[in-house]
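The values are calculated or read from the model by the stated rules, or taken from the named source; none is laboratory data. Quick caveat, the model's predicted, so the values are computed rather than measured. Reconstructed Cβ throughout: ideal geometry from the backbone, glycine too, with neighbour counts over all protein chains shown. Ligands, DNA and RNA are stripped out before the accessible areas are found, and what is left, the full protein with its side chains, is counted by its heavy atoms. Shrake-Rupley method; radii C 1.70, N 1.55, O 1.52, S 1.80 Å.
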Amino acid sequence: MLDLKFVRDNLALVKEKLSQRGVGAETLLAGFEALDQRRRDAITEAEKKKAERNQISAEVGQHKKSGQDATALMDKTRALKEDTEHLESMAASAEEAMRAVLHQIPNLPHESVPVGKSADDNLEVRRWGTPRAYDFAPKPHWEIGEQLGILDFDRAAKISGARFAVYWQAGARLERALANFMLDIHTREHGYTEVLPPYMVNSASLFGTGQLPKFEEDLFHCQGSDHWMIPTAEVPVTNLFRDETLEAKQLPISLTAYSPCFRSEAGSYGKDVRGLIRQHQFQKVELVKFVAPEQSYEEHEKLTRHAETILQKLELPYRVMCLCTGDMGFSSAKTYDIEVWLPGQNTYREISSCSNFEAFQARRANIRYRPQGQKKTEFVHTLNGSGLAVGRTWLAILENYQQVDGRVRIPDALVPYMHGETMLEMYTR
């Protein structure tokens, strides 16, 4: 959430930044100025009424002291008190309405974010690795997995419906190996603290990270309760410090968590219907940071490099894209998408999204810190990114390491996690 005072004092700048995001600023901020003026007028009038009441109260004292009848003056002070309370209530209602508007306003893009309308305007920052040259036509992962007997969409559809998958035998072991590998790298080499959060959260948590109220249709809600299935571990991990004040010496705090993620994929009808790219349930290793504002963009670069390290160790070619203003998520001030090369689909696909939210989430979740030597607290900056999406890494291995005979070579870095297994062979059930 944006700072109310900042929006009030910089309305023209806010409108300009929102227009860069492709957001209808005039529509979104319709009535905001009127509400602000109503609030200001009510506060001003309330102050006048208070001053008048104080003056008359002094006269009441003088009348009583001299033995004069003060009934009329006392009636007037009571009326002024009622008027003041009404005006103060009007001002509070106007401010509450303004905050409700702020709940719908996305974060403002950082000055370094390229201005653009869609993914076509995203800026490539760097590439790593060279896509392998094949002497055969590479297959997509859904064909490889089904032919090896390690990926089963039919039985998943039988037990759960569309957009679910069952992994068998070495396919299931590979998923588990990847999660353990990623967590080991982030905790042992990158200094993150591992946490295991709940997989259901309350509405306040989803509001804190920006999913509610705007994106309710993207979530799975447990009927009859205030429990929601998490769309990403970002939600519970970021909310660990909701309504808390951290000390400056604690920052930066770097946390990592492995969890399933549940998404309704509302609005994605017809997109990525084949394979594992867009599922209702998938697993992910998440990276979350709580940092001081002056460190946040340096830490954003570090977090992105930490996610890239996983792909480098697995020797999977990728590119890093800086998302343009029109392609960023609701809460983000700046986002890098890491896109892995998929030869079976002849394209790069997102495998991690690394974002700096600045104080946007912290303001919604009330996460503060106390700068060194100061009594006044400030909002922390929050960052997060996938480190990585496990299922998408799984499918990237199948496509990049496929062999002409249909087998899949296991990346060297994963062999110890696969108990020495070096190839995914054909399995029978």
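Of the listed values [x] 1.26; [y] 0.95; [z] 1.44, grab the one calculated as Cα Rg over 2.2 N^0.38 Å from the structure here. Structure-derived value, by its label: [x]. Protein heavy-atom accessible surface, 1.4 Å probe, per residue over region 129-221: 51 Å². For the modelled label position 7 Å from the Cα of HIS86 along Cα-to-Cβ, which residues of region 36-52 have backbone nitrogen atoms closer than 18 Å? Residues 38-52 qualify, since their backbone N sits under 18 Å from the label point.
For region 1-98, what is the accessible area per residue in Å² when the probe is 1.4 Å?
Numbers: 6020 Å² over 98 residues.
Per residue, region 1-98 has 61 Å² of solvent-accessible surface.
If you take every residue apart from ASP218 with its C-beta less than 13 Å away from the C-beta of ASP218, what net charge results, scoring Lys and Arg +1 and Asp and Glu -1? If you can, show how the numbers build up before the last one.
On the way: positive: LYS214, ARG263, ARG278; negative: GLU216, GLU217, GLU265.
Result for the local shell: 0.
Ranking of THR193, THR187, THR27, THR382 by solvent-accessible surface, largest first: THR27, THR193, THR187, THR382 (1.4 Å probe, protein heavy atoms only, all chains present).
Of the listed residues THR393, THR377, the order by accessible area with a 1.4 Å probe, largest first, is THR377, THR393. Only helices reaching 27 angstrom along their own axis (Cα) with mean Kyte-Doolittle hydropathy no lower than -1.0 count here, and for the DSSP H runs of the chain these are 71-102. Dividing the summed helix terms, -39500 (n - 2.57) for each DSSP H run of n ≥ 4, by the number of residues in the chain produces a 222 nm estimate of -12000 deg cm²/dmol to the nearest 500. Label-to-label distance, THR422 versus ALA12, with points set 7 angstrom from Cα along the beta-carbon direction: 6.9 nm.
With a simple spin-label model that places each label point 7 Å from the Cα along the Cα-to-Cβ direction, the separation between LYS65 and GLU33 comes to 5.0 nm.
Arrange the residues ASP272, ASP154, ASP83 by how much accessible surface each exposes, largest first, with a 1.4 angstrom probe.
ASP154, ASP83, ASP272
Working from label points 7 Å from Cα in the Cα-to-Cβ sense, the ASP120 to ASP243 distance is 4.8 nm.
Rolling a 1.4 angstrom probe over the protein heavy atoms with all chains in place gives region 253-335 an accessible area of 33 Å² per residue.
Using 1/(1 + (r/R0)^6) with R0 = 56 angstrom and r between the beta carbons of ARG40 and TRP128, what's the FRET efficiency to the nearest 0.05? Mind dumping the intermediate values first?
Working: r = 54 Å, r/R0 = 0.96.
FRET efficiency, ARG40 to TRP128: 0.55.
The residues neighbouring THR393, those whose beta-carbon lies less than 13 Å from its own, together hold a net charge of -1 under the Lys/Arg +1, Asp/Glu -1 convention.
Of the solvent-accessible surface of region 1-133, computed with a 1.4 Å probe and all protein chains present, 49% belongs to carbon and sulfur. Using a probe radius of 1.4 angstrom, the carbon and sulfur fraction of the accessible surface of region 254-408 is 41%.
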